[in-house]
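The values are calculated or read from the model by the stated rules, or taken from the named source; none is laboratory data. Here the structure is a predicted model, which means the values were calculated and not measured. Methodologically, a virtual Cβ is constructed for each residue, glycine included, from the backbone with ideal geometry; neighbour enumeration extends over all protein chains shown. In case anyone asks, the SASA skips ligands and DNA or RNA and just uses the protein heavy atoms, side chains included. Shrake-Rupley method; radii C 1.70, N 1.55, O 1.52, S 1.80 Å.
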Amino acid sequence: MKEQDLEYLKLALDEARAAAARGEVPVGAVLVSTGTQEVVAKSGNRIVELHDPTAHAEILVLRAGAKLFNNERLPGTELYVTLEPCAMCAGAISLARVDRLIYAASDPKGGAVEHGPRFFTQATCHHRPIVDRGEGEEAGQILRDFFRARR
């Protein structure tokens, strides 16, 4: 991991906390331009708020980045996420041609990068981003606290 990765993961954690405060599953994402190191977009889950099952944090920042760049492909970007992406999000990351994916907490139940379908290892995956793992303890704790409060 690069030193600035921690800064962007902290921004993603802030988005996850904001999602939890809205009653959403606390997942946050930040899309960064590798050329300028500027944040292109950041969001947390908004599935409940938007009544949209696809409104995962990753999808929302990819949509915002595509709109900003007026291009469905986002080479020259890195995506920071607090939780291992699901199959839908991994597919979108591949289709968007994101250069690098950095995620904090692994998700043995719903993740699709190192768990489940391991999307980026499939022959049908046409673009494989570089994948790095960040420190997942804080992201995992936010998720555990959220679900503990719901039970």
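Assorted remarks:
- Here Leu60 meets each of (1) open to solvent by 40 Å² or more (accessible area, probe 1.4 Å); (2) closer than 22 Å to Leu6 by Cα with one exception, condition (1).
- Residues in region 126-148 that are farther than 24 Å from Met1 by Cα and either open to solvent by less than 70 Å² (accessible area, probe 1.4 Å) or among the aromatic types (Phe, Trp, Tyr) (or both): 2 in all.
- Of the numbered criteria (1) farther than 16 Å from Asp107 by Cβ; (2) buried (at least 21 other Cβ atoms within 10 Å of the Cβ); (3) touching a helix residue (DSSP H, G or I) at 6+ places or on another chain (Cβ under 6 Å), the one Ala16 fails is (1).
- Residues that are polar (S, T, N, Q) and free of Cβ contacts under 8 Å to residues at least 24 places away in the same chain, drawn from region 21-62: Thr36
- Looking across Ala18, Ala12, one residue alone is closer than 15 Å to Leu143 by Cβ, free of Cβ contacts under 8 Å to residues at least 60 places away in the same chain and either in a loop (DSSP other than H, G, I, E, B) or not basic (Lys, Arg) (or both). It is Ala18.
- Test: residue in region 103-113 that is touching a residue at least 12 places away in the same chain (Cβ under 8 Å), out of contact with any Lys or Arg (no Cβ under 6 Å at 6 or more places or on another chain) and part of a helix (DSSP H, G or I): no
- Taken together, Val25, Val61, Val40 contain a single residue that is part of a helix (DSSP H, G or I) and at negative phi, which is Val61.
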